[in-house]
Amino acid sequence: MPIALIVLAAGQGTRMNSDLPKVMHPLGGAPLFAHSIFFGQALEPERVVLVTGHGGEQVAQAAVELGFEVDFCVQKEQLGTGHAVAQAAPALAGFSGDAVVLYGDTPFISAQTLQAMRDARNNHDVVVLGFDAADPGRYGRLILNGERLDKIVEFKDAEAEERLVTLCNSGVVMANAAQLFDLVNSVGNDNASGEYYLTDIVEIANARGLSCTVVRCDEAETLGINTRAELAAAETIFQNSMRKSALEIGVTLSAPETVFFSHDTTLGRDVHVEQNVVFAPGVTVETGAKIRAFSHLEGCHVSAGAIVGPYARLRPGAEIGNDARVGNFVEIKNATLGEGAKANHLTYIGDATVGDRTNIGAGTVTCNYNGVEKFRTEIGADAFIGSDTMLVAPVKIGAEAMTASGSVITKDVPEAALALGRAEQVTKPGAGRRLFDMYKLAKANRQRKT
Ligand code: UD1
Ligand code: MG
């Protein structure tokens with residue numbers, strides 16, 4: 001059965017107290033709404049529809065940047081969850097399959113839970129995801145009749161007796177798409193909030209002889225984000241689950257609670273991550289590589305056996321070859337470090353290729369930017385770049401070539417050549433001592449006067 005996701009992301013999120021739309025706030029390096037699409041992907045949806053409102057353009061742009069193939073629809077006025085779902089109808093016209101309604105601010109629903117809902121759809125028309133709440137608060141209450149779901153009552157509209165029910169509505173609903181739209185179109189707004197409640201579809205469905213049921217999940221999965229404090233708590237939950245799965249797949253974390261992951265961090269078996277490492281989005285580390293303490297990685301790839309850090313910074317486009325070394329205070333951006341190559345200390349390598357086994361001396365800088373444009377530096381294999389070499393791009397250094405320490409290299413260096421680009425040394429015998437004596441005398445004279 002083909003599946004469509006309908007992700008509700010139109011709410012303003014007033015309690016975030018932010019100019020940014022709530023669903024754009026980051027969790028694990030991705031905007032909140034993206035997490036609903038990530039877990040929704042477990043159902044291999046044929047279509048994804050994002051219902052946007054506040055800051056819709058920003059949400060749409062982020063979705064495109066993340067590579068999602070989604071349809072957007074705009075809910076101009078937030079008239080309720082039922083009204084929000086109805087906005088997705090034109091985008092799904094002609095779609096024959098099931099629709100799942102997800103919230104863009106509820107990032108932890110699991111793939112198993114969605115699968116259980118899909119299974120329940122074999123025997124029921126409308127499947128609602130519920131949970132037993134420790135503190136039911138203002139959640140909608142699920143009113144059962146045996147295993148059948150009779151209706152959902154919003155807290156505001158609930159009788160005292162209904163408020164005692166602890167089985168609550170998560171908001172996730174699954175039904176045949178055409179039937180779902182048909183049901184939401186019949187929902188009215190005669191209730192305590194004056195809103196079109198998605199939850200009303202249950203009573204309407206029952207009245208039409210359709211069958212409704214509940215699938216239960218853990219309360220933790222239904223955690224929704226409304227405030228910055230909830231966002232921070234969600235980040236902790238997210239990080240802990242990433243740490244747990246890293247350990248499970250055979251990654252060593254010297255101090256798990258100090259390592260921070262992004263939603264897409266990929267670490268191979270026997271990778272070792274030391275203390276205080278941050279993985280921003282887009283990082284892959286292959287098996288057996290070591291990321292040493294206090295390193296920051298983003299948009300980069302570290303091959304097997306490489307050692308990065310301590311105190312290294314890998315920026316987008318850094319490709320670290322097998323068994324290569326990136327040492328302390330080294331920054332690499334949009335550059336490839338070949339197999340076994342080394343950049344061990346205090347170096348900036350940007351817009352460059354460094355050949356296999358080449359050694360980059362301390363203090364080397366690829367001068368890639370003239371203030372207007374960026375240029376590339378290409379260094380061949382087995383080369384030796386002396387300490388404190390300035391490589392003024394565009395420039396090419398051939399294989400097995402050498403640059404002398406302190407050189408400013410502005411012209412290409414052919415294979416196996418030695419390039420010296422520094423002032424010639426002048427040595428004056430005895431002049432050092434004479435200068436010392438002169439300086440000491442000057443200091444003593446000054447002190448006498450005061
Ligand atoms: C909703 C449910 C409630 C459930 C709770 C779980 C309804 C009527 N109530 O209540 O039963 O227990 O979620 O958290 O469905 N949204 C839009 N457009 C709108 C209104 C909402 O896109 O016009 C989006 C929001 O951005 C949010 C989601 O829908 O992502 C839920 O809306 P919210 O206002 O938080 O509903 P609740 O009152 O919490
Ligand atoms: Mg809510």
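Yes or no: the range 166-187 includes at least one residue that is within 16 Å of ligand 2 (Cβ to nearest atom), in a helix (DSSP H, G or I) and either in contact (Cβ under 8 Å) with a residue 24 or more places away in the chain or among the charged types (D, E, K, R) (or both). I'd like the intermediate steps shown before the answer.
Let us first name the residues in the range 166-187 that are within 16 Å of ligand 2 (Cβ to nearest atom), namely 168-173.
Among the residues that remain, those that are also in a helix (DSSP H, G or I) are: none.
Checking the range 166-187: not a single residue is within 16 Å of ligand 2 (Cβ to nearest atom), in a helix (DSSP H, G or I) and either in contact (Cβ under 8 Å) with a residue 24 or more places away in the chain or among the charged types (D, E, K, R) (or both).
Sort through ILE249, ILE349, ILE332, ILE360 and tell me the only one that's out of contact with any strand residue (DSSP E or B) (no Cβ under 7 Å at 6 or more places or on another chain) and of a type in the set (Val, Ile, Thr). Full working, then the answer.
Working: ILE349 fails: out of contact with any strand residue (DSSP E or B) (no Cβ under 7 Å at 6 or more places or on another chain); ILE332 fails: out of contact with any strand residue (DSSP E or B) (no Cβ under 7 Å at 6 or more places or on another chain); ILE360 fails: out of contact with any strand residue (DSSP E or B) (no Cβ under 7 Å at 6 or more places or on another chain).
From the options ILE249, ILE349, ILE332, ILE360, the qualifying one is ILE249.
Per-residue answers, yes or no, for (1) within 14 Å of ligand 1 (Cβ to nearest atom); (2) under 23 Å from GLY224 (Cβ atoms); (3) crowded, with 23+ Cβ neighbours inside 10 Å:
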| residue | (1), (2), (3) |
| --- | --- |
| GLU159 | no, no, no |
| GLN179 | no, no, no |
| ASP190 | yes, no, no |
| GLU195 | yes, yes, no |
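Keeping to the range 222-240, report how many residues are assigned to a helix (DSSP H, G or I) and within 12 Å of ligand 1 (Cβ to nearest atom).
First, the residues of the range 222-240 that are assigned to a helix (DSSP H, G or I): 222, 228-240.
Now restrict to residues that are within 12 Å of ligand 1 (Cβ to nearest atom): 222, 230.
Of the residues in that region, 2 qualify.
Table: residues versus (1) surrounded by fewer than 17 Cβ atoms within 10 Å (Cβ to Cβ); (2) within 16 Å of ligand 2 (Cβ to nearest atom); (3) not small (Gly, Ala, Ser).
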{"position": "ALA207", "(1), (2), (3)": "yes, no, no"}
{"position": "CYS212", "(1), (2), (3)": "no, no, yes"}
{"position": "VAL215", "(1), (2), (3)": "no, no, yes"}
{"position": "GLU221", "(1), (2), (3)": "no, yes, yes"}
{"position": "ARG228", "(1), (2), (3)": "yes, yes, yes"}
{"position": "LEU231", "(1), (2), (3)": "no, yes, yes"}
{"position": "ALA234", "(1), (2), (3)": "no, yes, no"}
{"position": "GLU274", "(1), (2), (3)": "no, no, yes"}
{"position": "PHE279", "(1), (2), (3)": "no, no, yes"}
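Among the listed residues ARG292, ARG216, ARG243, ARG313, which satisfies the condition of being in contact with a strand residue (DSSP E or B) (Cβ under 7 Å, 6 or more places away or on another chain) and within 16 Å of ligand 1 (Cβ to nearest atom)?
Within the list ARG292, ARG216, ARG243, ARG313, the selection yields ARG216.
With the requirement that a residue be more than 12 Å from ligand 1 (Cβ to nearest atom) and either part of a strand (DSSP E or B) or under 15 Å from SER170 (Cβ atoms) (or both), what does the range 141-156 give you? If you could, list the steps in order and put the result at the bottom.
Residues of the range 141-156 that are more than 12 Å from ligand 1 (Cβ to nearest atom), as a first pass: 144-150.
Matches in the range 141-156: LEU144, ASN145, ARG148, LEU149, ASP150.
SER405 is checked against (1) without any contact (Cβ under 8 Å) to a residue 40 or more places away in the chain; (2) over 18 Å from ASP351 (Cα atoms) and fails just one. What number does that condition carry?
(1)
I'd like the full set of residues that are closer than 15 Å to THR199 by Cβ and surrounded by fewer than 16 Cβ atoms within 10 Å (Cβ to Cβ), limited to the range 114-143.
Residue satisfying the conditions is ARG138 alone.
Yes/no matrix, rows are residues, columns are (1) of a type in the set (A, V, I, L, M); (2) part of a strand (DSSP E or B):
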| site | (1), (2) |
| --- | --- |
| LEU8 | yes, yes |
| GLY11 | no, no |
| PHE33 | no, no |
| GLY40 | no, no |
| ALA63 | yes, no |
| LEU79 | yes, no |
| ILE109 | yes, no |
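Going through the range 89-113 one residue at a time, which ones are within 16 Å of ligand 2 (Cβ to nearest atom) and either aliphatic (A, V, I, L, M) or surrounded by fewer than 18 Cβ atoms within 10 Å (Cβ to Cβ) (or both)? Spell out how you get there, then give the answer.
Residues of the range 89-113 that are within 16 Å of ligand 2 (Cβ to nearest atom), as a first pass: 101-109.
If the condition is that a residue be within 16 Å of ligand 2 (Cβ to nearest atom) and either aliphatic (A, V, I, L, M) or surrounded by fewer than 18 Cβ atoms within 10 Å (Cβ to Cβ) (or both), then VAL101, LEU102, ILE109 are the ones that fit.
Bear in mind these aren't lab numbers, they're just calculated from the coordinates by the rules spelled out. Here the structure is a predicted model, which means the values were calculated and not measured. When we count neighbours, we look across all protein chains shown, and the Cβ atoms used for this are built from the backbone with ideal geometry, even at glycine.
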